Amino acid sequence: MFQIARILRLSGSCLPRSPAWVRAPLLMAVTDVLASRPLILVVDDIESVRSILARALARAGYHVITASSATEALGLLDQLQVRPHLAVIDLYMPGTSGEELAAELARRHPRLPVLFVSAFGHEPDTVLPGLLFEKPLSLGMLCQTVTHMLILTAGLAPTLCDRLPSV
């Protein structure tokens with residue numbers, strides 16, 4: 001519960017103001033996401049950025065594995081034989097780009113949510129297969145977004161709709 005309170009403080013509140021019968025399923029979903037300690041893959045070629053992102057996510061209660069390149073990330077996942085719950089990927093890296101890494105991860109792990117980070121933005125007419133955060137970024141907002149993405153991919157929406165009283 002302490003971790004939930006910390007995430008709620010970081011984000012200012014990730015739960016909307018709403019009646020208790022709506023908030024309860026949301027709080028249960030946040031609790032489930034944090035209790036399961038999801039695995040987050042962080043890939044960034046700049047060590048200091050990678051370290052800051054990994055520390056923030058670990059403090060928010062997530063297991064984190066890091067890699068400095070797409071090749072290292074794919075090799076690490078193969079070696080550990082794990083499937084991440086979410087990937088945070090630098091969009092522009094030497095060698096294989098973040099977008100190419102995301103495509104390979106999607107091939108290996110369909111429906112894996114991806115959050116891109118970039119100091120350079122992206123081409124306006126390019127559609128990315130995930131959300132984009134521009135550096136410098138708010139670590140609180142990053143943790144809140146990761147939590148929201150995990151809740152959505154865990155299937156909260158149908159669960160919430162099932163629990164709503166019929167009118």
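Taken together, the values in this text are just the output of simple stated rules run on the coordinates, not laboratory data. From a predicted model like this one, the values you see are computed outputs, not experimental measurements. Here the Cβ positions follow ideal geometry from the backbone for every residue, glycine too, while neighbour counts run over all protein chains shown.
FRET efficiency for the pair H63 and L132, taken as 1/(1 + (r/R0)^6) with r the Cβ-Cβ distance and R0 = 25 Å, rounds to 0.60. Converting phi to 3J(HN,Hα) with the Karplus coefficients 6.51, -1.76 and 1.60 and the offset θ = phi - 60°, the range 106-117 yields 5, 5, 7, 9, x, 6, 6, x, 10, 10, 8, 10 Hz in sequence order, with x at every glycine or proline.
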